[in-house]
Amino acid sequence: MNLTIVRRSYDAFARGDTDAVVADMDDAIEWQQAQGLPHGGTYRGLAEVRANVFDPLDRDW
């Protein structure tokens, strides 16, 4: 794993910069959000991940 990318993502989370968080993610990402957590499920593709995981986090937190 590229430590620079991981650090950049954590820094972006800390700033609340969702665009920067998802910038390094592949368009074909598959994200598995644990069942029982808010918005749990499996999401495929960056648009679906953003709409179902990151956008709700921006809205709810």
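The values are calculated or read from the model by the stated rules, or taken from the named source; none is laboratory data. Since the model is a prediction, treat every value here as computed from it, not as a measurement. Don't worry about glycine lacking a Cβ; one is built from the backbone with ideal geometry, like all the others, and counts go over all protein chains shown.
Given the options Leu57, Leu46, name the one that is at pLDDT 90 or above, surrounded by 13 or more Cβ atoms within 10 Å (Cβ to Cβ) and under 10 Å from the mean Cα position of the chain (by Cα). Before you say what the answer is, go through the steps one by one.
Working: Leu57 fails: at pLDDT 90 or above.
It is Leu46.
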Check your understanding: When the residues of segment 26-43 are filtered to those that are on the phi < 0 side of the Ramachandran plot and in a strand (DSSP E or B), which remaining residue is surrounded by the fewest Cβ atoms within 10 Å (Cβ to Cβ)?
Key -> Gln32
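What number of residues in segment 1-25 are in contact with a Leu (Cβ under 7 Å, 6 or more places away or on another chain) and either in a helix (DSSP H, G or I) or over 17 Å from Asp55 (Cα atoms) (or both)? Explain how you work it out, then say what you get.
To start, the set of residues in segment 1-25 that are in contact with a Leu (Cβ under 7 Å, 6 or more places away or on another chain) comprises 22, 25.
If we keep only those that are either in a helix (DSSP H, G or I) or over 17 Å from Asp55 (Cα atoms) (or both) as well, we get 22.
Selection size over segment 1-25: 1.
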Review point. Looking at (1) in contact (Cβ under 8 Å) with a residue 12 or more places away in the chain; (2) loosely packed, with under 14 Cβ neighbours inside 10 Å, which is the only condition Val6 fails?
Key: (1)
